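The values are calculated or read from the model by the stated rules, or taken from the named source; none is laboratory data. Only a predicted model underlies this, so the values are computations on that prediction, with no experimental measurement involved. Cβ placement follows ideal geometry from the backbone for every residue including glycine, while neighbour counts extend to all protein chains displayed. What goes into the accessible areas is simple: the full protein's heavy atoms, side chains included, and nothing from ligands, DNA or RNA. Shrake-Rupley method; radii C 1.70, N 1.55, O 1.52, S 1.80 Å.
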Amino acid sequence: MQESDIKANLSLSNDQKSAEFPVYKGTEGPDVIDIRKLYAQTGMFTFDPGFLSTASCQSKITFIDGGKGELRYRGYPIEQLAVKCDYLEICHLLMYGDLPTKEQKEKFDNRILRHNMVHEQMHFFVRGFRRDAHPMAIVTSLVSALSAFYGDSIDINNPEHREISAIRLIAKLPTLVAMAYKYSRGEPYMHPDNSLSYAGNFLRQMFATPCQDYEVNEVLERAMDRIFILHADHEQNASTSTVRLCGSSGTNPFAAIAAGVACLWGPAHGGANEACLDMLEQIQAQGGVEKVGEFMEKVKNKEAGVRLMGFGHRVYKNYDPRAKLMQETCKEVLQALGLENDPLFKLAMELERIALEDEYFVERKLYPNVDFYSGIVQRAIGIPKSLFTAIFALARTSGWIAQWNEMISDPDYKIGRPRQLYTGPTKRDVPDIAQR
Ligand code: ACO
């Protein structure tokens, strides 16, 4: 952090208190006012529910310029990463700070491959769930359960332990997500095949059966890999902040990542792609493209909380760059599968066209986010809606673990402990039960 010459001065209108605070500059993005001594100097807290104006940490991993619609991992624009790298190169970039050389890539890919199986006992653990359990309930529990199976690498003060846990998490998540899917279908789990890529392997673990050979479709493999890349990290979003806050207590990495998975489940975050596809299917069932106008009126009138799912973002006030890349992938996948006339894709394009011209959306700077097209892609691949968020969790694991590791390796890190504006009753005496 570089201190600016500028200082921030706070003075109260009753002239009772004033204080001066340092201002820091990042390499990009808004400057920050360092208010760490605010309470000591004034006896006051700041109030910022939803963290609308709060930088919760300093980080070197991901940068978003929401106004311009830019996303970079470690300085590299997502548009370049998505076409020049595969997901494991992105994992290397997020974890170690740079893209791997050819030799480093070989070594890293190999390490991931050597950890992609899970302890056999975990298969029995899954059997405890109902067959109709939501995959996110299963995946949250399985990630947490990893700490019971891989307890030999959970000393968070040991950098080697942190690294091996990171490798294990990235390697095992596809196996766990595929297990949750196979269990819901009553099909046998498929062991990983180390001759395949990370994305190809995941497709095989999802869709192959032991009865016949499975050939990975290259277009779908590339689409899966792109979904992983686009979801890998997104700076201090709700689930990443959850991982950091949970991890700040010193808990083990598997427990911290499980907290992130649980947070991601919500429809305002990772659950949005499932909600978006639900919305498209509903409009389609009610009459399709012809009903778009009617639906948009409901959204604009804010009827019973109806929102255009897959639109809007806390940070992007412009087109989400991931949505553009996902739209490209969507076209490629639909073409490869002979689904160019997919009615849901047509519906999505029409909704987008109307929204981008409509005053309601323009005024509020609401643009498509990554989830607007990712549901259509996954549906075309054959992935059920209920698994979308689990796949998002699989991909985001690399970002979560990189952010967690950055926090733990910072010698100045402290347990996270927000304060509050208390508005409850003041002190009162407990009446006897007869008097209540
Ligand atoms: N459809 C209709 N109106 C919307 C939408 C939407 N999708 N999103 C925001 N608005 C409106 C709000 O009603 C509000 O209007 P007002 O000013 O008249 O009150 C205004 O835009 C600002 O909305 P906020 O909710 O304050 O914006 P916030 O930054 O808190 O919300 C969020 C961001 C949660 C993503 C929101 O846009 C939303 O609910 N979108 C739909 C869900 C979604 O797609 N989530 C995925 C996010 S991306 C991800 O997690 C990978």
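Structural remarks
- Förster radius 25 Å - calculated FRET efficiency between Lys105 and Tyr413, Cβ distance, rounded to 0.05: 0.25
- Label zone at Leu339 (point 7 Å along Cα-to-Cβ), backbone N below 13 Å, the range 368-411: 373-385
- Per residue, the chain exposes 52 Å² of accessible surface when a 1.4 Å probe is rolled over the protein heavy atoms with every protein chain present.
- Three-way shape call for the range 242-327 based on the alpha-carbon gyration tensor, with the a/c threshold at 1.5: prolate
- FRET efficiency, 1/(1 + (r/R0)^6) with R0 30 Å, evaluated for Glu363 and Thr46 via beta carbons: 0.55
- Sites Val23 and Tyr96, calculated FRET efficiency, Cβ-Cβ separation with R0 35 Å, nearest 0.05: 0.70
- Rel. contact order, % - alpha carbon contacts under 8 angstrom, at least six apart, the chain: 19
- Scattering from the range 322-436 was approximated by placing one identical point on each alpha carbon and applying the Debye formula without solvent; log10 I(q)/I(0) at 0.21, 0.23 1/Å stands at -1.16, -1.26.
- Full-stretch length increase - Arg130, His161 - with 0.36 nm per residue and alpha-carbon distance subtracted: 7.8 nm
- Sequence-distant residues sharing a close amide H with Ala8 (under 5 Å, placed H): Phe21, Val23
- Accessible area of the range 242-341 belonging to carbon and sulfur atoms, whole % at 1.4 Å probe: 49
- Structural descriptor for the range 88-227: relative contact order 21 percent, calculated from alpha carbon pairs under 8 angstrom and at least 6 residues apart.
- Over the range 296-403, relative contact order from alpha-carbon pairs under 8 Å, at least 6 apart, %: 36
- Kirkwood-type radius of the chain, with distances r between different C-alpha atoms, in Å: 23.6
- With 25 Å as the limit on Cα-Cα distance, the pairs of Lys17/Lys37; Lys25/Lys317; Lys105/Lys331; Lys107/Lys182 that go past it are Lys105/Lys331; Lys107/Lys182.
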